[in-house]
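Read the figures in this text as sums done on the coordinates, not as results from a lab. Bear in mind that the values here come from a model prediction, so they are computed numbers and not experimental data. When we count neighbours, we look across all protein chains shown, and the Cβ atoms used for this are built from the backbone with ideal geometry, even at glycine.
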Amino acid sequence: MTLAVRAAQRGDIPHIAAWNQAMAWETERKRLDADVLARGVAAVFDEPRRGFYLVAERDGAPVGCLLVTYEWSDWRCGDFFWIQSVYVVEDARRGGVFRAMYDAVVERARAAKAVGVRLYVETENERAQRTYAGLGMERCHYFMYEAGL
């Protein structure tokens with residue numbers, strides 16, 4: 001079995017959108033508007049300042065993806081790389097796919113002289129929390145707040 005991580009391309013948009021749809025349902029029981037989602041994924045490719053997607057392939061077949069966005073920290077005078085929209089197809093889970101994508105993010109963050117890598121996780125998703133802790137990530141002391149517009 002060969003596992004590789006690469007930068008996503010526009011041809012990956014259908015997979016990424018479908019995986020985001022699946023992730024929203026699995027984690028939050030939310031159904032996303034497919035047209036809005038496809039436009040949202042495409043918008044990352046249209047404006048690189050928004051971030052980038054990585055795709056994991058096992059034996060040449062796509063099996064997962066994630067999105068990285070940027071947050072400027074004036075306190076640290078540098079960017080945080082935020083990992084978002086993580087999805088690994090069910091039959092590839094627990095097979096090192098997320099670890100490979102995470103390692104690729106860390107490598108890119110170091111090359112870009114980012115100040116850190118962050119992500120958020122559903123409070124009930126204990127399996128994912130254990131995965132992140134196993135990679136050496138630490139739980140932050142921040143709570144997240146949101147105001148819909």
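Below are the figures for this structure:
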read-out: Within segment 4-84, trypsin sites (Lys or Arg not before Pro) in DSSP loop having at most 10 other beta-carbon neighbours inside 10 Å; value: ARG29, LYS30, ARG31
read-out: Dipole axis of the chain (+1 Lys, Arg; -1 Asp, Glu on Cβ), positive-most option in ALA112, THR69, ALA22; value: ALA112
read-out: Length-normalised contact order of segment 45-107 in % [C-alpha pairs under 8 Å, at least 6 apart]; value: 28 percent
read-out: Radius ratio Rg over Rh of segment 1-113, counting only Cα atoms, Kirkwood formula for Rh; value: 0.97
read-out: Net charge, GLU57 excluded, C-beta distance under 11 Å - Lys, Arg +1, Asp, Glu -1; value: 0
read-out: Dipole magnitude of segment 1-114, debye to nearest 20 (Cβ charges: Lys/Arg +1, Asp/Glu -1, about Cα centre); value: 180 debye
read-out: Given the chain, longest segment not containing exposed loop chymotrypsin sites (Phe, Trp or Tyr not before Pro) (DSSP; at most 16 other Cβ within 10 Å); value: 1-74
read-out: Segment 44-149: GluC sites (Glu not before Pro) in DSSP coil with no more than 14 other Cβ atoms inside 10 Å; value: GLU122, GLU124, GLU138, GLU146
read-out: Of every Cα-Cα pair in segment 66-149, the percent that sits beyond 21 Å; value: 33 percent
read-out: Relative contact order for the chain, counting Cα pairs under 8 Å that sit 6 or more residues apart, in percent; value: 21 percent
